[in-house]
Amino acid sequence: QVLCFVEPIQCANEAHLQGHAAAMLAGDVNNAVMSRMVYAVGSYWAGTTLSVVRKNFEESRSFMQKYNNLIWLAHQVPLETTMLTLMGVDEKHFPRIPDLGGTVPHISMLLDFQNLYK
């Protein structure tokens, strides 16, 4: 995490892919999921081409769904929909935030802020 403060985010972001690989080797799926998501989010904030960012988000979402890690998926979707909006993608193709049964109240707040941009 410190690397982002001393290196350009484009360089520091690659460390998250290494973290993902190391976590998977250690069997730590939660940290692997988080590293994958942080990589996707970092590529967005680094100004990477939106088509590449979209691919990163799709890979991250697919990985989260594979391991049924809905908490991190709920955190990713609002920024992913922002990116898709910038690309001009129709809302019907937006990913949906998983139903967590109201266990994460701040996700509702994120969605409310997201709806302000519409």
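Would you mind calculating the gained length between L17 and L116 on full extension (0.36 nm times residue separation, minus the Cα-Cα distance), in nm to one decimal?
Length gained, L17 through L116: 32.4 nm.
Note on N31 and S51: their simple-model spin labels are 3.6 nm apart, each label 7 Å out from Cα toward Cβ.
Sorting K66, K55 on solvent-accessible area from highest to lowest, probe radius 1.4 Å, gives K66, K55.
The values are calculated or read from the model by the stated rules, or taken from the named source; none is laboratory data. This one's a predicted model, so the numbers in the text were calculated from it and none came from an experiment. Heads up, the Cβs are rebuilt from the backbone with ideal geometry, glycines too, and the neighbour counts pull from every protein chain shown. The area values use the complete protein model at the heavy-atom level, side chains included, leaving out ligands, DNA and RNA. Shrake-Rupley method; radii C 1.70, N 1.55, O 1.52, S 1.80 Å.
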